[in-house]
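Notes to accompany the following structure.
The values are calculated or read from the model by the stated rules, or taken from the named source; none is laboratory data. Worth saying up front: this structure is predicted, and the values here are computed from it rather than measured. Note: ideal-geometry Cβ built from the backbone for every residue, glycine included; neighbour counts use all protein chains shown.
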Amino acid sequence: MRSLLLSLQSEFYKSRKTLAFWAAIVLPLIICGLIAFGFLSNADKIIKMHFPSQVLWMNFSGGALGVMGMLILPFYVIFMAFSVNNIEHKNDTWKSLFAQPLNKFSIYAAKYLYAVILIFICLFLFALFTILSGYLLQALNSGFTFNGYSPVALLSKIYFKMFLSSLGILSLQFIISLIWSDFLKPMGIGFIGIIAGIIVATKGWEYAYFVPYSHPTLALSMTKSKNMDQLFSQEIYSSLIYAVILFVAGYFIVARKSIK
């Protein structure tokens, strides 16, 4: 455990100034801020529609969820997986990294866990800023009805489901970024995967859950259906299975790389 914590601390210090780290904080802030500004700018029009509190919250939070779930989350996961491993590729430090008097598995697991933590922080902030900006709008304009319903439980469940749905993509892209050190291959494969995932998910293909890149879109679609309260749905189980299998495979790849 000590080896894992030391390796995790090392990952933080190495990447705390990278775009992948700051994007986890800045993206939720910008997107939620823009959506809140749009609501405030059209306050009179929205208030005249007399939405019930829950419907108003769903319309408001749906703006961030729609943009984030289908595009921003998959792209961020792909870029962040590349960024975490590119630190070692760029400095050619794989051998020296594994030469440290630390457990090899702990070093690898720390890199993966750090990537998972960044995704969690990003989605947690999306949920937090959505809730805070809703109540801020209520304070700025009393005509809104945000104070009539608490979205905390529902949004927490939705964003946690989005988090679980991203782990399959992360594990796959983590391996791809271990194999190829250049920017174009991991990002190119990821981009094609996202497009394919959106297509198979939105077209209702029966076996879309076999495609890891489709999981966020499928999870988001489920939140809009009558099964929105179901946390562990088919695509979530598939994402977790991919995550476990590819995590183990990734260790053998990086351990072999370290002795070349």
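If you go through region 19-64 and keep only what is of a type in the set (Asp, Glu) and within 25 Å of the chain's Cα centre (by Cα), you end up with nothing.
When HIS50 is tested against the conditions (1) modelled with pLDDT under 90; (2) part of a helix (DSSP H, G or I), the lone failure is (2).
Could you check how many residues of region 176-205 are touching a residue at least 12 places away in the same chain (Cβ under 8 Å) and either of a type in the set (Gly, Ala, Ser) or assigned to a loop (DSSP other than H, G, I, E, B) (or both)? Residues meeting the conditions: 8.
Of the residues that sit in region 206-221 and are in a helix (DSSP H, G or I) and of a type in the set (A, V, I, L, M, F, W, C), which one is surrounded by the fewest Cβ atoms within 10 Å (Cβ to Cβ)? Among residues in region 206-221 that are in a helix (DSSP H, G or I) and of a type in the set (A, V, I, L, M, F, W, C), the one surrounded by the fewest Cβ atoms within 10 Å (Cβ to Cβ) is PHE210. Remark: ILE175 matches the filter, which requires a residue to be more than 10 Å from the chain's Cα centre (by Cα) and under 30 Å from ALA255 (Cα atoms). LEU6: hydrophobic (A, V, I, L, M, F, W, C), within 23 Å of the chain's Cα centre (by Cα) and surrounded by 14 or more Cβ atoms within 10 Å (Cβ to Cβ), yes or no? Taking the combined requirement at face value, the residue does not satisfy it. In the set LEU123, LEU113, only one residue is part of a helix (DSSP H, G or I), touching a residue at least 40 places away in the same chain (Cβ under 8 Å) and buried (at least 21 other Cβ atoms within 10 Å of the Cβ); that residue is LEU123. Within region 139-153, the only residue that satisfies the criterion of being outside any helix (DSSP H, G or I) and among the hydrophobic types (A, V, I, L, M, F, W, C) is PHE144. Scanning region 79-109 for residues being modelled with pLDDT of 80 or more, among the small types (Gly, Ala, Ser), under 20 Å from ARG256 (Cβ atoms) and surrounded by fewer than 23 Cβ atoms within 10 Å (Cβ to Cβ) gives a total of 2.
Table: residues versus (1) surrounded by 17 or more Cβ atoms within 10 Å (Cβ to Cβ); (2) of a type in the set (Val, Ile, Thr); (3) assigned to a helix (DSSP H, G or I).
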residue	(1), (2), (3)
ALA127	yes, no, yes
LEU132	no, no, yes
LEU137	yes, no, yes
LEU155	yes, no, yes
ILE169	yes, yes, yes
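Residues in region 187-201 include at least one that is surrounded by fewer than 16 Cβ atoms within 10 Å (Cβ to Cβ) and over 29 Å from TYR251 (Cβ atoms). Evaluated against (1) of a type outside the set (Ser, Thr, Tyr); (2) assigned to a helix (DSSP H, G or I); (3) surrounded by fewer than 16 Cβ atoms within 10 Å (Cβ to Cβ), GLN173 falls short on exactly one condition, (3). Is there any pair linking a residue in region 138-150 that is free of Cβ contacts under 8 Å to residues at least 40 places away in the same chain to one that is assigned to a loop (DSSP other than H, G, I, E, B) and crowded, with 16+ Cβ neighbours inside 10 Å, with Cβ under 6 Å and at least six apart or on different chains, and which? As it stands, the answer is GLN138/PHE144, since those pairs meet every condition given. For region 10-28, the condition of being buried (at least 20 other Cβ atoms within 10 Å of the Cβ), at pLDDT below 80, part of a helix (DSSP H, G or I) and not hydroxyl-bearing (Ser, Thr, Tyr) holds for at least one residue.
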